[in-house]
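Enquirer: If you scroll down you'll find the structure; I have some questions about it.
Each value in this text was obtained by applying a stated rule to the coordinates, not by laboratory testing. It should be emphasised that the depicted structure is a prediction, and the values quoted were computed from it without experimental measurement. Cβ placement follows ideal geometry from the backbone for every residue including glycine, while neighbour counts extend to all protein chains displayed.
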Amino acid sequence: MRAAMHHPRHRSRRAVAATCCMLLALVLAGCDWSEELGLSGDDADEADGTPPVAETRVPGLRLVASERSFDNSYDALVDAISIRTTVGIIAVDHRANAAGVTGSLRPTRVLIYDPVNRTAPLIAADPRAALDLPPAMLVYRDGADETGIAYNSAAYLAARHDLDDAEDGALEGLADEQQAIAEEAAAADVEDPDSAAGIGESEGIEQRESEAGFAATVNALTAAINDDADLGLIDRVDLQARANSTGRALDPAFLFFVSAPEDATALLRGAQTAGIDLPLRLLVTQAEDGTVAIHWNDPAFIAERHGITDRDDSVADLAERLEALADTAADATTAGAAGSEPL
């Protein structure tokens, strides 16, 4: 008997069919088929530089490995914050924001809350402290399925901002409260030392003085953010009004929380701990002498702090966007920007 002959066209059809079956199986299994086939590019998951929670060392960041799952840790964090204050709680789901962006992101969420009696005295001492206050609490799950809860330390705030004239006990009270919140959420003790080695005063803070009044600058910045299709205005907070509502004095200050899904996701995929510095913050202040200024965190500082070395394009893009926003607000020629009160 003659051996069966296989025409090359038949072999090609069978190869295509086999490939299609494999792709279908991967889709049904929820796999990243491009990674399985070795077709993934620079944004593939293996480029994620997030170290294990237990090995993470970020200047000024206190971190505890949770005994709970990610979801349970987050729920416990919400509870721990809510029993202390309901003021100014902003929840940011970085993973949800990454939807539709190249690559993927493991669960990463931030809760921003405002214990005004603790934050107002610190912002009064140095308005730029609002770039780190109200405080953020970060929850994330690393590549080993360990959950970390992190927050900026008191030493970090003291090193980066001029808090020498702050009300006695304000910084210590905030530090004690944040540690208690983190430990309750994690069901574990915070053991990292409260250190800010390598962080200097005003480090990583960019500033632009405005040629316009306070209200015009706030309105122009709001319009500029809304006009950028790649940005999203999560919230803006009248810090002076919030402080005054508790009987505390504070110079005019408006804080903006801004999302930049594509570039922010790139940074987060370089190191999830960058979520403590995201969403982006822009701050408009007016000093006693009437000087109006716009302040923001330099994306290059965020990248360096969290050890992100392979996201230069995203860092540069964010820096350019923030500078453009500040320039627009400082000029305040945007239609409708003028006015005696922020719109």
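Enquirer: Can you give me the long-range amide H partners of residue 195? Hydrogens built in the peptide plane at 1.01 Å from N, cutoff under 5 Å, separation of 5 or more residues or another chain.
Expert: For residue 195, whose amide H was placed from the backbone, the distant partners under 5 Å are 60.
Enquirer: Turning to a different aspect of this structure: Find how much the distance from residue 79 to residue 207 grows on full extension, using 0.36 nm per residue of separation minus their present alpha carbon separation; answer in nm with one decimal.
Expert: Details: separation 128, 0.36 × 128 = 46.08 nm, distance 3.63 nm.
Going from the current span to full extension adds 42.5 nm.
Enquirer: Quick one: if the Förster radius is 30 Å, what FRET efficiency do residue 312 and residue 246 give, using the C-beta to C-beta distance and rounding to 0.05? List each step's numbers first, then the result.
Expert: Working: r = 43 Å, r/R0 = 1.43.
For residue 312 and residue 246, the calculated efficiency is 0.10.
Enquirer: If the chain between residue 291 and residue 72 were fully stretched, how many nm would it gain, using 0.36 nm times the residue separation less the Cα-Cα distance? Mind showing how you got there, number by number?
Expert: Working: separation 219, 0.36 × 219 = 78.84 nm, distance 4.61 nm.
Roughly 74.2 nm would be gained on extension.
Enquirer: Here's another thing I want to ask about it. Please report how far the C-alpha centroid of the range 81-101 lies from that of the range 165-191, rounded to the nearest whole angstrom.
Expert: 20
Enquirer: In debye, nearest 20: dipole of the range 50-331 around its Cα centre with unit charges on the Cβ of K, R (+) and D, E (-)? Working shown, then result.
Expert: Working: 20 positive and 52 negative charges, 144 e Å.
With Lys and Arg at +1 and Asp and Glu at -1, about 680 debye.
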